[in-house]
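The values are calculated or read from the model by the stated rules, or taken from the named source; none is laboratory data. Since the model is a prediction, treat every value here as computed from it, not as a measurement. Cβ: placed from backbone, ideal geometry, glycine included. Neighbour counts: every protein chain shown.
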Amino acid sequence: MQERLKTGIKALDEILDGGIPRGHSIILAGSSGTGKTILAQQFLFSGARDGNIGLYLSLSEPRDKIIKNLEDFTFFDKKLVESDMVKITDLSSNAGLKGVGLQDPTEIMGLIREIVLDSQAKRVVIDSITALAANFADDAKIRNFIYELEFELMYLDCTTLLISEIPPQTFKYSVYGIEEFIADGVILLTEFERKSELLRACQVVKMRGVNHSRSKYMLKILEDGINLIPFFNAGLE
Ligand SMILES: Nc1ncnc2c1ncn2[C@@H]1O[C@H](COP(=O)(O)OP(=O)(O)O)[C@@H](O)[C@H]1O
Ligand SMILES: [Mg+2]
């Protein structure tokens, strides 16, 4: 069996029969507030606690704000951030400092490669691929970039979460309509209303090489991070 990387979310690792296969690029899709950033951070901190370096490349939020939002979670460990075991980098400002044009896919690819090699990370999160690709002028460039990025990260022996920001209540996994076909896996976070409350759900839609459940699980964000509960236990059906 292909080596698996634990996500740090117990139920998700069980669904995935041990975790995400090493070297996979996964689309983590969902609308705003569904838990994408928290899930991705948990994946990085879980790896770092076992000695694996993680890299979080942000496009939408500055580093300080990201850290501030994580501080209350029990999986967060300031020491792992300080020692660069979980390296949080603002890709936009990094590109600015190095004079790299965000509109140029080749330059961005070079910058990502440099940051990954420099950090020695084996777990990489890009938050979000939607924001990153929005800088490119046309769809052909976007497709090519995502395709090459996944190839490059696999070559660098990274297991990657590409966060995809989709509008609420839509039945698609990506903004450009192609990410899910190129990716090795798709994890979808959704929201739904029950008794005028907005609840969250999580579903593994695709995971190459894994015989997984495609059931929807109820997702709760608690002090210890993401928790998944089978729907028949959640008292909703
Ligand atoms: N300490 C916490 N306890 C419970 N829920 C929290 C906590 N911190 C944040 N949240 C919830 O997590 C949501 C944000 O999750 P996040 O992963 O940033 O979403 P996304 O990245 O999908 O936009 C917030 O809207 C809030 O409801
Ligand atoms: Mg987010």
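Listing for the model above:
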quantity	calculated
Enumeration of residues in region 36-61 that are in contact with an Asp or Glu (Cβ under 8 Å, 6 or more places away or on another chain) and more than 13 Å from ligand 2 (Cβ to nearest atom)	F45, A48, R49, I53
Number of the condition not met by L16 [criteria: (1) within 13 Å of ligand 2 (Cβ to nearest atom); (2) in contact with a His (Cβ under 9 Å, 6 or more places away or on another chain); (3) not acidic (D, E)]	(1)
Counted residues, region 1-46 - those being within 16 Å of ligand 1 (Cβ to nearest atom) and farther than 15 Å from C202 by Cβ	5
Index of the failed condition, N69 passing every other in (1) modelled with pLDDT under 95; (2) surrounded by fewer than 16 Cβ atoms within 10 Å (Cβ to Cβ); (3) polar (S, T, N, Q)	(1)
Residues of region 178-237 that turn out to be among the hydroxyl-bearing types (S, T, Y), surrounded by 13 or more Cβ atoms within 10 Å (Cβ to Cβ) and assigned to a loop (DSSP other than H, G, I, E, B), as a count	2
Residue list for region 151-169, filter: more than 14 Å from ligand 2 (Cβ to nearest atom) and not hydrophobic (A, V, I, L, M, F, W, C)	E152, Y155, D157, T159, T160, P167, Q169
Qualifying residue in region 137-150 (condition: within 16 Å of ligand 2 (Cβ to nearest atom), touching a strand residue (DSSP E or B) at 6+ places or on another chain (Cβ under 9 Å) and either without any contact (Cβ under 8 Å) to a residue 40 or more places away in the chain or of a type in the set (A, V, I, L, M, F, W, C) (or both))	no
Test result for S32, within 16 Å of ligand 2 (Cβ to nearest atom) and either surrounded by 23 or more Cβ atoms within 10 Å (Cβ to Cβ) or polar (S, T, N, Q) (or both)	yes
Residue in region 112-135 that is nearest to S92 (Cα to Cα), counting only those that are surrounded by fewer than 19 Cβ atoms within 10 Å (Cβ to Cβ) and free of Cβ contacts under 8 Å to residues at least 60 places away in the same chain	N135
